[in-house]
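Heads up, the thing below is written out as structure tokens.
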Amino acid sequence: MDVKNAFLHGELDREIYICQPIGFQSQDHPEYVCKLRKALYRLKQAPRAWYGKISEFLTHSCYSVASADSRLFVKVVGRKLAIVLVYVDDSILTGDCEEEILLTKKNLSVRFQMKELGQINHFLGLEVDCNEEGICLHQKKYSEDLLKKFGMFNCKPISTPLEPNAKMCVHEGKDLGDMTMYRQLVGSLIYLTQTRPGVSFAIGVMSRYMHNPKKHHMEVVRRILTYVKSTIDYGLLYKKGDYDNRRSTTGYVFKLGDGAISWCSKRQPTLSLSTTEAEHRVVAVAAQESTWLMQLMKDLHQPVGYSVTLYCDNQLSICLAKNHVFHARILWIQPPTPI
């Protein structure tokens, strides 16, 4: 939904004076100034004043402001949610409580002059495609405009944004005559990373040289644009039926000779904060199982006279297993004492 003349609804919380507008000057008192009663466009306080007005209305409608983002308003109705996201004079209404969403739209239209734009397709340069497969976010139109603006729309496709093992240096190379163009290019590409994580690293590297770019830096940025052209249809796809939780799965198998004698595939009881932590949990559980199997073989009078080797393909987990010093960023699991 879009609010018509949004800033004109804002009420100022301080005294602000302006010069008499052109065409409305007083002939008797040309030296007078005007005291504003409400916000105007191009006034620095206007966005904040409008936010105060829409925030007051939504909180009065039993919406709560999200602690993580003050532009996000959430209302809980039983087990369902109604969500309003406000960005200046645009707002997105979503959630699984259809009745509350319809009521909110009606109340907003009564309180403010609203224009309903229907199902979301574009928002702040982002394009949204909803289909049976899920929701896709992309910036195809933005990418096309960017390529046309800098004369790269008809460039030949390329498979990677950077050359393999490319080395960048801040001092080497000839100075770039027009630094403004380089900065505009990199700044425009940074906005593209909202839906293109594949170019985030390359653009992040090139943004380091915005203060003093060289000619070869510009060539690399143009290469990134060429890659954007060859992957212009790429975006982020959010499929339906996502994971019910984010807990990892513990899996291992032990063999005696050529036959498997113990194996496991079980969801971990708690959520791991990193792949390293999840893998380290698996190694610790496998080590415990190995200790138990060795004790079992001993009870069967078949003692194992060698150390059982655990195989793991996560290098950080292997390093953690070798380092017995506590690390605050990793949930430490004390490995069992080997027999």
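The values are calculated or read from the model by the stated rules, or taken from the named source; none is laboratory data. This is a predicted model, so every value here is computed, not measured. Backbone-built Cβ (ideal geometry, glycine too); neighbour counts: all protein chains shown. The area values use the complete protein model at the heavy-atom level, side chains included, leaving out ligands, DNA and RNA. Shrake-Rupley method; radii C 1.70, N 1.55, O 1.52, S 1.80 Å.
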- Mind listing P(r) for the range 79-155? All alpha-carbon pairs, 5 Å bins, whole percents. 3, 12, 17, 19, 17, 12, 9, 5, 4, 2, 0
- All other residues with a Cβ under 13 Å from the Cβ of Ser109 taken together, and with Lys, Arg as +1 and Asp, Glu as -1, what is their net charge? +3
- Viscosity 1.567 mPa s, temperature 4 °C: Stokes-Einstein D of the range 1-78 from its Kirkwood Cα radius, in µm² per second? 87 µm²/s
- Note on the structure: Taking N as the residue count of the range 204-284, its alpha carbon Rg divided by 2.2 N^0.38 Å gives 1.97
- By accessible area (1.4 Å), largest first, Ser307, Ser262 order as Ser307, Ser262
- Task: Sequence neighbours fewer than 8 away in the same chain don't count; with that in mind, list the aspartates and glutamates whose C-alpha is under 19 Å from Lys239.
- Result: Asp96, Glu127, Asp129, Glu132, Glu133
- Rh (Kirkwood, all Cα-Cα pairs) for the range 1-144, Å, reads 17.7 Å
- Which of Thr249, Thr270 is most accessible, then next, and so on - probe 1.4 Å: Thr249, Thr270
- Rg over Rh [alpha-carbon atoms, Kirkwood Rh] for the range 127-169: 1.14
- Message: Over the range 55-105, what portion of Cα pair distances is larger than 16 Å, expressed as a whole percent?
- Response: 32 percent
- Query: Over the Cα atoms of the range 144-295, what is the Rg over Rh ratio if Rh follows Kirkwood?
  - Reply: 1.23
- In the neighbourhood of Glu127 defined by beta carbon distances under 14 Å, the net charge of the other residues (Lys, Arg +1; Asp, Glu -1) is -1
- Task: Determine the dipole magnitude for the chain: charges of +1 sit on the beta-carbon of Lys and Arg, -1 on that of Asp and Glu, nothing else is charged, the reference point is the Cα centre, and the result goes in debye to the nearest 20.
- Result: 540 debye
- Expressed in nm², what is the orientationally averaged projection area of the convex hull enclosing the Cα positions of the chain? 30.9 nm²
- Task: Calculate, in nm to one decimal, what His301 and Arg222 gain on full extension: separation in residues at 0.36 nm each, minus their alpha carbon distance.
- Result: 21.4 nm
- Message: List the pairs from Lys149/Lys240; Lys4/Lys141; Lys4/Lys140; Lys35/Lys149; Lys80/Lys229 whose alpha-carbon separation is above 32 Å, in the order I gave them.
- Response: Lys149/Lys240; Lys35/Lys149; Lys80/Lys229
- Message: Students often check this: by mean Cβ neighbours within 10 Å, which of 120-128, 28-36 ranks highest, and how do the rest follow?
- Response: 120-128, 28-36
